[in-house]
Amino acid sequence: MSQTQAVADNVIQGEVKTRIDRWLARYPNDQKQSAVIAALRIVQETQGGHLTKDLMDQVADYLEMTPISVYEVATFYSNFEHKPVGRHKICLCTNISCMLRGSDELLGYLEKKLNVKVGEVTPDGKFSIKKVECLGACGGAPMMQIGKVFYEDLTESRVDEILDNLE
């Protein structure tokens with residue numbers, strides 16, 4: 001057993017392994033790399049909200065891929081984080097529809113309210129802010145996503161209400 005495999009067993013085991021294996025079952029045995037996005041998402045979700053080189057190497061080893069192939073996927077998609085994020089990662093859409101309906105002002109409001117800039121984490125580890133291109137709800141602009149929940153038609157008071165109701 002390689003050293004990388006020994007490390008991978010520490011993360012890709014139990015429920016994490018079961019969840020990745022469910023994705024692997026959807027593809028032919030010789031196409032394990034097809035599950036790379038799902039595996040990265042699962043590992044990121046269960047390991048503190050961001051991917052490290054070691055975690056990506058573990059995914060590569062488990063899926064029998066070259067590490068560089070996993071890095072390429074993990075760095076291409078903006079839903080993968082490579083540094084710590086808050087327990088509640090606020091993804092604020094800044095694409096054209098949201099921008100025209102006030103997302104830039106809401107971004108400034110969030111930064112002031114939380115006293116952090118985009119990409120930073122509040123001192124208590126509760127919040128971080130990320131600008132995203134499009135969340136697919138142009139009719140409800142401006143909008144944001146926190147976890148798996150989408151919030152549309154945002155105003156400063158609506159943002160306050162949403163943040164106040166998070167754990």
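The numbers here are math on the coordinates, done by the rules we state, and not lab data. Remember, it's a predicted structure, so these values are computed and weren't measured experimentally. So basically every Cβ, Gly included, is an ideal-geometry build from the backbone, and we count neighbours across all protein chains shown.
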Qualifying residues in segment 19-63 (those that are acidic (Asp, Glu) and over 23 Å from Ser128 (Cβ atoms)) - the one surrounded by the fewest Cβ atoms within 10 Å (Cβ to Cβ): Asp30
field: Qualifying position, being more than 28 Å from Gln33 (Cα to Cα), of a type outside the set (Lys, Arg) and free of Cβ contacts under 8 Å to residues at least 12 places away in the same chain, among Gly108, Gly125
entry: Gly108
task: Could you please tell me which pairs satisfy a Cβ distance under 6 Å, a separation of 6+ or placement on different chains, a first residue in segment 27-54 that is at negative phi, and a second residue that is charged (D, E, K, R)?
output: Lys32/Glu64; Ile42/Arg19; His50/Glu81; His50/Lys83
field: Residue identified as under 14 Å from the mean Cα position of the chain (by Cα), surrounded by fewer than 21 Cβ atoms within 10 Å (Cβ to Cβ) and of a type in the set (S, T, N, Q) among Thr122, Thr75, Thr66
entry: Thr75
task: Being crowded, with 17+ Cβ neighbours inside 10 Å and more than 27 Å from Asp164 (Cβ to Cβ) is the filter here, so list the residues in segment 78-96 that pass it.
output: Phe80
